[in-house]
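The values are calculated or read from the model by the stated rules, or taken from the named source; none is laboratory data. Just so we're clear, the structure is a prediction, and the values are computed from it rather than from any experiment. Here the Cβ positions follow ideal geometry from the backbone for every residue, glycine too, while neighbour counts run over all protein chains shown.
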Amino acid sequence: MKTAREDYPGAKDSHSIQVLLAYDTDATCGAILKMLDRISARLRDKKLFHVNAFKFGLLEQMDIRKWIAARPQEAELAVVAFGEAGAPGADLLQWLENWASRHEGGNAALGLLPMGALTGKSVRHVVRSLRKIAARHGVGFIYNENSRLDLFQDAFTVAA
């Protein structure tokens with residue numbers, strides 16, 4: 001476990017949140033990494049997030065069992081971020097289903113951050129799919145309410 005807030009007297013040890021970031025383009029990845037840095041800065045915790053970022057295509061090709069075996073500190077938060085390149089496909093959704101099943105009943109969350117003006121049916125389909133995945137496996141679901149999607153919040157949903 002990493003120690004954070006080392007430069008503050010009297011600070012306690014802090015847990016580093018392991019994040020899996022699935023993204024479509026380098027611009028999207030950069031924007032999400034900046035957002036996570038801003039969150040860490042606001043909380044005065046430079047080591048709050050430990051991010052492993054993968055493009056959709058690369059992640060879809062990975063066998064989740066091999067991915068988990070190679071990473072002893074597996075992600076507690078899986079974030080799907082996409083912009084103008086479009087929404088993730090069925091292969092990524094299946095990979096995330098497998099990820100969620102390995103975290104069933106645990107303290108994990110699945111997040112979605114559509115970026116840009118993507119508010120069409122494909123985005124709504126992805127949101128519904130991810131929400132169902134999270135609900136089936138008892139993991140949290142986080143989405144960006146600024147995505148202008150009019151979706152019902154349930155017990156597993158937190159608006160970011």
- Test Gly106 against the criterion of being surrounded by fewer than 19 Cβ atoms within 10 Å (Cβ to Cβ) and either farther than 14 Å from Ala81 by Cα or at pLDDT 90 or above (or both), and give yes or no. yes
- Mind listing whichever residues of region 76-103 are among the small types (Gly, Ala, Ser) and at pLDDT 80 or above? Ala78, Ala81, Gly89, Ala90, Ala100, Ser101
- Answer yes or no as to whether Leu43 is modelled with pLDDT of 80 or more and closer than 13 Å to Val19 by Cα. no
- Message: Test of understanding: among Arg65, Arg38, which residue is among the basic types (Lys, Arg), in a helix (DSSP H, G or I), more than 27 Å from His125 (Cβ to Cβ) and at pLDDT 80 or above?
- Response: Arg38
